[in-house]
1. Would you indicate which of (1) 1.47; (2) 1.35; (3) 1.14 is the value of Cα Rg over 2.2 N^0.38 Å derived from the coordinates of this structure?
2. What is the magnitude of the charge dipole of the chain about its Cα centre, with +1 placed on the Cβ of each Lys and Arg, -1 on the Cβ of each Asp and Glu, and no other charges, expressed in debye to the nearest 20?
3. So, with a 1.4 angstrom probe, what is the percent of accessible area on the chain that is carbon and sulfur?
4. Using the per-residue mean of other Cβ atoms lying within 10 Å as a proxy for protection, in what order, highest first, do the peptides 9-15, 29-35, 19-25 fall?
5. Roll a 1.4 Å probe over the protein chains and send me the accessible area per residue for the chain in Å².
6. For the stretch 24-30, what does the Karplus curve 6.51 cos²θ - 1.76 cosθ + 1.60, with θ = phi - 60°, yield as ³J(HN,Hα) per residue in whole Hz, taken in order and with x for Gly and Pro?
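The values are calculated or read from the model by the stated rules, or taken from the named source; none is laboratory data. The shown structure was predicted, so the numbers you read here are calculated from the model rather than taken from an experiment. Note: ideal-geometry Cβ built from the backbone for every residue, glycine included; neighbour counts use all protein chains shown. The area values use the complete protein model at the heavy-atom level, side chains included, leaving out ligands, DNA and RNA. Shrake-Rupley method; radii C 1.70, N 1.55, O 1.52, S 1.80 Å.
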Amino acid sequence: MTKIIITKKIAKHGNQAVLIIPKDVEDLLKPQTLVQATLEIIGDDHV
């Protein structure tokens, strides 16, 4: 099991919010790879 913590701002793509995965992590995320994503909001400028 590999654990990676990424802190990113959410981007916008059309009407959807997206999370961009850094290029250097891409080789770990091949098709059929099972991942668990937990989102923790650490700052919200729009409240």
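1. The value matching this structure is (2).
2. Numbers: 6 positive and 6 negative charges, 22 e Å.
In total the dipole reaches around 100 debye.
3. 55 percent
4. Values: 9-15: 8.0, 29-35: 6.4, 19-25: 10.1.
By packing density, highest mean first, the sequence is 19-25, 9-15, 29-35.
5. On a per-residue basis, the chain sits at 113 Å².
6. 6, 9, 4, 5, 7, 10, 7
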